[in-house]
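One structure is given below, encoded as structure tokens.
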């Protein structure tokens, strides 16, 4: 599997996890579809605002859960950082 995609899957399952299933047995693929979408968005050049807006939509509209906009922005920032090459000193 693609390392950056795997990192996104872990990020969403362990740190984003709006449904609270990250530690549940058999839930390892709970957010895979969303990770694929974020991966595609990042591959097309999406930035923090676009990723945060997608996570906001997922959480509030798609999942009908309370919106955690600040947390979603933090997760979006971390997702974008996964795709930003480290700058050489």
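Per-structure values
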read-out	value
Complete set of residues in the range 20-44 that are surrounded by 14 or more Cβ atoms within 10 Å (Cβ to Cβ), more than 10 Å from the chain's Cα centre (by Cα) and part of a helix (DSSP H, G or I)	41, 42
Residue list for the range 23-44, restricted to those being free of Cβ contacts under 8 Å to residues at least 40 places away in the same chain and under 18 Å from residue 74 (Cα atoms)	31, 34, 35, 37, 39, 41
Residues of the range 1-14 classified as under 20 Å from residue 63 (Cα atoms) and crowded, with 16+ Cβ neighbours inside 10 Å, total	5
Count of residues meeting criterion [surrounded by fewer than 19 Cβ atoms within 10 Å (Cβ to Cβ) and either within 16 Å of residue 75 (Cβ to Cβ) or touching a helix residue (DSSP H, G or I) at 6+ places or on another chain (Cβ under 6 Å) (or both)] in the range 47-61	8
Condition check for residue 17: without any contact (Cβ under 8 Å) to a residue 60 or more places away in the chain, surrounded by 13 or more Cβ atoms within 10 Å (Cβ to Cβ), on the phi > 0 side of the Ramachandran plot and within 12 Å of the chain's Cα centre (by Cα)	yes
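Since every read-out is calculated from the coordinates, none of them should be taken as a lab result. Please read all numbers here as calculations on a predicted model, not as lab measurements. Note that we place each Cβ from the backbone using ideal geometry, even for glycine, and neighbour counts take in every protein chain shown.
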